[in-house]
Number of protein chains: 2
Amino acid sequence: MARWEGNARGRLERAALDLFTEQGYDRTTVAQIARRANLTERSFYRWFADKREVLFGGGEDFEQQLVAAIDAVPADIGALPTLLAAFTGLPEVVRPREFLRERSAVIAANPPLQERELIKLVSVSEALTAALVRRGCDRQTARLATDVGMAVLRSATERWMADERADITQVLSASAADLIAITADDILNVSDRRPSALGNP
Amino acid sequence: MARWEGNARGRLERAALDLFTEQGYDRTTVAQIARRANLTERSFYRWFADKREVLFGGGEDFEQQLVAAIDAVPADIGALPTLLAAFTGLPEVVRPREFLRERSAVIAANPPLQERELIKLVSVSEALTAALVRRGCDRQTARLATDVGMAVLRSATERWMADERADITQVLSASAADLIAITADDILNVSDRRPSALGNP
């Protein structure tokens, strides 16, 4: 991507997010976003199909770059460490921390945007699972590893947004340590703890 | 719930799912569902707001019963074993195996239904996280344990639908064992395996 194009796109994203935060997502128009970015509406539509896609436009890049990162991890590394290694590349793919923080707040305030985000995450998960299967992982393990990996990523992202000094590798390690602590409890003998069994000792 | 009510509701669910499977979700009307169940349209609307909710009508019961099951697990049991213990009660809450199998197929064939399912699962996850927080778990751990628990549940449900002889406790234990295997890899030193670092040994 040429530098001037990156600048136009970045300026549109920044302008859109500022306006969504200041006056609300629903009240913001494409014309206002373009004006705030000192660009024409025509430039806006060169980059985004509509105002919603300003929040999700990085989706495909994000997915493709994660899959490429998985493909670059040596074949003898297990499914979950492979995903975590791929996630360490994320800050280069996604936006600055305060952009993500504002984006989260805009999405949290708007149920249709939450739905769009959920669908995007399902698409990312399916791409990650397929990439693990291509590495020789069976589909059931690949899906569970992806779901668990996405759970760690969500936890790490919350840490990352909350702590200015943290880097992505630190927060992923911290959330991986939490995962280890959570799974250290005895989770195999589930029948011993059935609420009904507990009621009749 | 009185027996006759359960019968009417169950008959409507069964009729709807048969019609969705036979002729497609979009082509099925509420009038057809009621006729197949030998009930009136008016009876249909006593139970469900529209034909979509026949697939998701158990949502609130499901969530409430899971939360009640969590509340019934003794306080000294960790977050993830608590969730797994609560999940063992699921077959009594949800529908028979072949109902779930057909329901999955109908939803998988229809993107708006997939969206509805995702939103329902987010609501269930939030209720489970809140129930763990009420037990004294910090919010970050509760959310990660919920996401990991839901990943195990999804894996276990696939096993349960695929294997006629399996019971829910067996498949939850099997998927919990898969989780232990997945997290047994070294996942703490994520920076050692960054694709960029691997490219420059």
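The values are calculated or read from the model by the stated rules, or taken from the named source; none is laboratory data. Bear in mind that the values here come from a model prediction, so they are computed numbers and not experimental data. Here the Cβ positions follow ideal geometry from the backbone for every residue, glycine too, while neighbour counts run over all protein chains shown. Quick note on the areas: whole protein, heavy atoms, side chains included, nothing else; ligands and nucleic acids left out. Shrake-Rupley method; radii C 1.70, N 1.55, O 1.52, S 1.80 Å.
Give region B:91-117 a look and list any residue that's within 13 Å of chain A (Cβ to nearest Cβ) and more than 27 Å from residue A:111 (Cβ to Cβ), or say none. B:91, B:92 - these are the residues of region B:91-117 that are within 13 Å of chain A (Cβ to nearest Cβ) and more than 27 Å from residue A:111 (Cβ to Cβ). From the list B:148, B:171, the one residue that fits, being more than 19 Å from residue B:67 (Cα to Cα) and open to solvent by less than 10 Å² (accessible area, probe 1.4 Å), is B:171. Does any residue of region A:118-132 turn out to be modelled with pLDDT of 95 or more, within 23 Å of residue B:184 (Cα to Cα), surrounded by 20 or more Cβ atoms within 10 Å (Cβ to Cβ) and at the interface with chain B (Cβ under 7 Å from one of its Cβ atoms)? The answer is no; no qualifying residue exists. Taking residues in region B:169-185 that are without any contact (Cβ under 8 Å) to a residue 40 or more places away in the chain, and partners anywhere that are open to solvent by 10 Å² or more (accessible area, probe 1.4 Å) and assigned to a loop (DSSP other than H, G, I, E, B), the pairs with Cβ atoms closer than 7 Å and at least 6 places apart or on different chains are B:173/A:188; B:177/A:188; B:185/A:78. Scanning region A:30-60 for residues that are under 15 Å from residue A:19 (Cα atoms) and assigned to a helix (DSSP H, G or I) yields A:30, A:31, A:32, A:33, A:34, A:35, A:36, A:44, A:52, A:53, A:54, A:55. Determine whether residue B:151 is more than 30 Å from residue A:171 (Cβ to Cβ) and without any contact (Cβ under 8 Å) to a residue 40 or more places away in the chain. No: the conditions fail for residue B:151.
Once region A:29-40 is narrowed to residues that are exposed (fewer than 13 other Cβ atoms within 10 Å of the Cβ) and over 27 Å from the mean Cα position of the chain (by Cα), the residue that is farthest from residue A:8 (Cα to Cα) is A:31.
As a summary of the residue check, residue A:105 satisfies the conditions (1) open to solvent by less than 20 Å² (accessible area, probe 1.4 Å); (2) modelled with pLDDT of 90 or more except for the one numbered (1).
Residue check: residue A:92 meets all listed conditions (1) exposed (fewer than 14 other Cβ atoms within 10 Å of the Cβ); (2) at pLDDT 90 or above but one, namely (2). Inspect all residues belonging to region B:135-144 and state whether any of them is within 20 Å of residue B:65 (Cβ to Cβ) and open to solvent by 50 Å² or more (accessible area, probe 1.4 Å). Among the residues of region B:135-144, at least one is within 20 Å of residue B:65 (Cβ to Cβ) and open to solvent by 50 Å² or more (accessible area, probe 1.4 Å), which makes the answer yes. Each residue in region A:7-28 was checked for being open to solvent by less than 40 Å² (accessible area, probe 1.4 Å) and either among the hydrophobic types (A, V, I, L, M, F, W, C) or in a loop (DSSP other than H, G, I, E, B) (or both), and 10 of them qualify. Residues in region A:144-187 that are among the β-branched types (Val, Ile, Thr) and within 7 Å of chain B (Cβ to nearest Cβ): A:148, A:169, A:180, A:182, A:183, A:187. Within region B:34-59, no residue satisfies the criterion of being farther than 21 Å from residue B:116 by Cβ and in contact (Cβ under 8 Å) with a residue 40 or more places away in the chain. Residues in region A:118-148 that are β-branched (Val, Ile, Thr) and without any contact (Cβ under 8 Å) to a residue 60 or more places away in the chain: A:119, A:122, A:129, A:133.
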